[in-house]
Amino acid sequence: MRKNMGNADRTIRLVVAAVLVVMYFSGVISGTLGLIGLVVAAIFTLTTILGYCPLYSLIGVKTCKVREV
């Protein structure tokens, strides 16, 4: 698995995940929408840690800098 996410993309995903978690636990979003938000936050956190997004590889997007060899 090669990294296909740049630092800016990873930072944005982590911030969005944190906001979704805070919104859920503070009661701003609840019910089904809250659970969907938590799942999205978990996926964003996992892809941030790995630096790899399967959806990006499906559509051919790379946001990381690639060194020319």
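Keeping to segment 7-34, report how many residues are surrounded by 15 or more Cβ atoms within 10 Å (Cβ to Cβ) and more than 16 Å from Thr45 (Cβ to Cβ).
As a first pass, look at segment 7-34 and keep what is surrounded by 15 or more Cβ atoms within 10 Å (Cβ to Cβ): 9-10, 12-14, 16-17, 20-21, 23-24, 29, 34.
Okay, now just the ones that are also more than 16 Å from Thr45 (Cβ to Cβ), so 29, 34.
The number of residues fulfilling the criteria is 2.
I'm trying to understand the selection: among the residues of segment 26-69, which are in contact (Cβ under 8 Å) with a residue 40 or more places away in the chain and not hydroxyl-bearing (Ser, Thr, Tyr)? It would help to see each step written out before you state the result.
Taking segment 26-69 first, the residues in contact (Cβ under 8 Å) with a residue 40 or more places away in the chain are 47-48, 50-53, 56-57, 61-65.
Within segment 26-69, Leu50, Gly51, Cys53, Val61, Lys62, Cys64, Lys65 qualify.
Based on what the data block shows, is Ala42 touching a helix residue (DSSP H, G or I) at 6+ places or on another chain (Cβ under 8 Å), among the small types (Gly, Ala, Ser), modelled with pLDDT of 95 or more and buried (at least 16 other Cβ atoms within 10 Å of the Cβ)? Quick ask: steps written out before the conclusion?
On the way: touching a helix residue (DSSP H, G or I) at 6+ places or on another chain (Cβ under 8 Å): yes; among the small types (Gly, Ala, Ser): yes; modelled with pLDDT of 95 or more: yes; buried (at least 16 other Cβ atoms within 10 Å of the Cβ): no.
Taking the combined requirement at face value, the residue does not satisfy it.
The conditions are (1) under 14 Å from the mean Cα position of the chain (by Cα); (2) outside any helix (DSSP H, G or I), and Gly27 fails exactly one of them. Which is it?
In the conditions (1) under 14 Å from the mean Cα position of the chain (by Cα); (2) outside any helix (DSSP H, G or I), Gly27 misses (1) alone.
Looking at segment 1-25, I want the residues that are among the acidic types (Asp, Glu) and have a partner that is surrounded by 15 or more Cβ atoms within 10 Å (Cβ to Cβ) and modelled with pLDDT under 90 with Cβ atoms under 6 Å, at least 6 apart or on another chain. Which pairs are those?
Pairs that qualify, where the first residue is among the acidic types (Asp, Glu) and the partner is surrounded by 15 or more Cβ atoms within 10 Å (Cβ to Cβ) and modelled with pLDDT under 90, are Asp9/Thr63.
The values are calculated or read from the model by the stated rules, or taken from the named source; none is laboratory data. As the structure is a computational prediction, the values presented were derived from the model and not from experiment. All Cβ positions, even for glycine, are placed from backbone atoms using ideal geometry, and neighbour counts span all protein chains on display.
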